[in-house]
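The values are calculated or read from the model by the stated rules, or taken from the named source; none is laboratory data. Fair warning: this is a prediction, and the values are worked out from it, not measured in the lab. When we count neighbours, we look across all protein chains shown, and the Cβ atoms used for this are built from the backbone with ideal geometry, even at glycine. Accessible surface is based on the protein model in full, side chains and every heavy atom, while ligands, DNA and RNA are left aside. Shrake-Rupley method; radii C 1.70, N 1.55, O 1.52, S 1.80 Å.
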Amino acid sequence: MENSTEETVAKLTEAAVKGEASLKPEFITSKDKFHEFLDSEWQSFKGVEKKESTEEPERKKVKLDAEELDKGTKPDGKRLRGQNKSRPHKKPTSYDEKRLCGSVIQGNRECPYGDKCHFYHDAAAYLASKPADIGERCHVYETFGKCTYGLACRFARSHTTADLKSAENADVLKSYEGRTPVRNTLSKELQNQLRKHSVAFKKSAEYLKTLSNNKDKEQQNNGTADLQADPTAETKNESTDAETLVNSEKLSVVRTVGALTDVDIIKLRGCEKKQVDFQDKLYLAPLTTCGNLPFRRVCKRLGADITCGEMAMCTNLLQGQQSEWALLKRHESEDLFGVQVEGCFPDTMTRCAELINNNTEVDFVDINSGCPIDLVYKKGGGCGLMTRTRKFEQIVRGMNYVLDVPLTVKIRTGVQEKNNIAHKLIPEMKNWGVSMITLHGRSREQRYTKLADWDYITNCSKLASPIPLFGNGDILSYEDAMRAKETGVSGIMIARGALVKPWLFTEIKERRHWDISSAERLDILRDFTNFGLEHWGSDTRGVEKTRTFLLEWLSFMCRYIPVGLLERVPVKINERPPYYMGRNFLESLMASQNVGDWIRISEMLLGPVPLNFNFLPKHKANSYK
């Protein structure tokens, strides 16, 4: 005989364990009832039949001891965590069977490919095969006065004239004259120069020459030591030593004329380094995949002070890869913006820094020496730099030499879980010329399985003084932020907390809990999609790219538990909610960890998904088997 609803709720409440958020009993429900409610309400909400969706995974269980850890393993002994590396991946181009030629979009100019062009040139024929418009208003047209995608836009009806031309709003266009909303784009000229290896790196060459000179001197000193240990080797190495001595004498010759001045003693820079005030700022972490330009704009509106581009590989930037340069793009609203680069060799990192310095507008450059993923770590980058201090020093000094903006570094506590090394590195980095350090309070081995060690961050902040040190880890409420500030750090970096609730920046600045409504959350998502259409385009390709990034974000945002439903405030970042009913349908829908429900939310903003659409989140915290 089935238990009554009251008994079910009581049992579910009693079963609450460590690692599960404490909700008011009247909102708690079971998995079956939760999904039954969503499916029935969605059918009445949208008037459509139930679609098949990917099966939901087992709930993430909190493992309390070694025995329970063993239970949560796969047959090969590896734990279920990390990334879905084999997840289905579709290029945005796969959603367009046949596209409209750019010559037609840009005003019926002559197509340079002639009869060999594979795209539509007949506007009427294209419109007959084009998917239906998503909405009646085009955000790009209303914002800029012109939609560059013309008839290919998925909102084309709002700006298409009777003769199938794209309309323009002269007043709005005039307001954007002379403005560059998005900067740091890769020009074709620079891309060609990078591909032909014709870009001059003068300052980098100067610095790398000093490294080779130092290496020659070390070899010379080693040779002298070998002679002292083995006098019989003198004749054998006589010619080599003579050549080395002549070369070193040539390098050491300094011609002096007149009196000794400060210029002879202190090397002056071509221009002064830009000064940035990092003190007491809220720093949005450079988040791979989710930390794109539209998401940063959302966080900027909600109170973030410092923003940083996603981690970019220095070798890809030097090769002129368009996709990597897209990570350096900066919106005009980002008043304090930096870029983060990753690399493991002094020559490539120094050249990359000079390239960024000469061709982009940034306020600082950050070195990623905290990335834990194998792809980066195994080649010596990311966390690997923390154990290669000589290379690390050469990279920092080289980048600092060529940059006119501050150089910052992001590190972890160490590589191994019980072997912290950040406190040894920080005093050395002060001498290398680092302007700011960010410390993530976990090691590479820990990933996100343990809480951040803020006691250790406190000790490191004292060692770093007077250089500012930012703390990072487990900030999900303004109480967490206040406790973090009491440790003496110069500022706070927020990563996962911003993905779960981007209004966290507002909460911290206003020192309150924001019981944000589901409608307000949907408005934030709508802002993101509008910014995405600006950034990735309003055609089918751009819409589906925006949808993909929206779904990646929703795989984190679904973890948010509304403040009004909590029995204990605030909730911790490692606590997961039980199944619960929201205060309305939309709040319940946003609480679902089923990918089908995330797609439903995306359809409310970006229209129905294509027939061949498939999505699996990047991170296994909410993944599907």
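I'd like to know which of Thr529, Thr546, Phe505 lies farthest towards the positive end of the charge dipole of the stretch 497-557, counting +1 on Cβ of Lys and Arg and -1 on Cβ of Asp and Glu.
Value computed over the given set: Phe505.
Once phi is turned into θ = phi - 60°, what whole-Hz ³J(HN,Hα) does the Karplus curve with 6.51, -1.76 and 1.60 give for every residue of the stretch 547-557, x standing for Gly and Pro?
In residue order, the calculated couplings are 4, 4, 5, 5, 5, 4, 5, 5, 5, 9, 5 Hz.
By its C-alpha gyration tensor, with a ≥ b ≥ c as the square roots of the eigenvalues, how is the stretch 263-362 shaped: rounded for a/c under 1.5, else prolate for a/b larger than b/c, else oblate?
Cα axes put the stretch 263-362 in the oblate bin.
What's the extension gain from Leu164 to Ala519 if we count 0.36 nm per residue and subtract their Cα-Cα distance?
Difference between extended and current length: 124.1 nm.
Heavy atoms only, 1.4 Å probe, whole protein assembly: order Trp553, Trp514 by accessible area, highest first.
Details: Trp553 5, Trp514 50 Å².
From most exposed to least exposed: Trp514, Trp553.
Please express the shape of the stretch 479-625 as an equivalent ellipsoid: the semi-axes are the square roots of 5 times the eigenvalues of the C-alpha gyration tensor, given largest first in whole angstrom.
So the three semi-axes of the stretch 479-625 are 28, 18, 15 Å.
Classify the stretch 410-562: rounded, prolate or oblate, from the alpha-carbon gyration tensor (a ≥ b ≥ c, eigenvalue square roots; a/c under 1.5 rounded; otherwise prolate if a/b is larger than b/c)?
prolate
For the stretch 347-469, build the convex hull from the C-alpha positions and give me its volume per residue in Å³.
Spelled out: Cα convex hull of the stretch 347-469, divided by residues, is 105 Å³.
HN-Hα J couplings of the stretch 136-153 from phi, Karplus 6.51/-1.76/1.60, θ = phi - 60°, integer Hz, Gly and Pro as x?
Using θ = phi - 60°, the values come out as 9, 10, 9, 5, 5, 5, 5, 7, 9, x, 7, 9, 5, 8, x, 5, 6, 5 Hz.
If you find the alpha carbon centre of the stretch 573-623 and of the stretch 439-493, how far apart are they in angstrom?
Computed from Cα coordinates, the inter-centre distance equals 31 Å.
What number comes out for the charge environment of Asp527, summing +1 per Lys or Arg and -1 per Asp or Glu over other residues with Cβ under 9 Å away? Walk me through the intermediate numbers first.
On the way: positive: Arg297, Arg301, Arg526; negative: Asp523.
Taking every other residue near Asp527 into account, the sum is +2.
Taking Cα centroids, how far is the stretch 149-165 from the stretch 381-438 in Å?
52
Between the alpha-carbon centers of the stretch 287-344 and the stretch 528-548, tell me the distance in whole angstrom.
Taking the Cα centre of the stretch 528-548 as reference, the centre of the stretch 287-344 is 17 Å away.
Rounded if a/c is under 1.5, else prolate if a/b beats b/c, else oblate: with a ≥ b ≥ c from the C-alpha gyration tensor eigenvalues square-rooted, which is the stretch 393-458? Don't skip to the answer; put the middle values down first.
On the way: a/c = 2.42, a/b = 2.35, b/c = 1.03.
Judged from the Cα gyration tensor, the stretch 393-458 comes out prolate (a/c at least 1.5, a/b above b/c).
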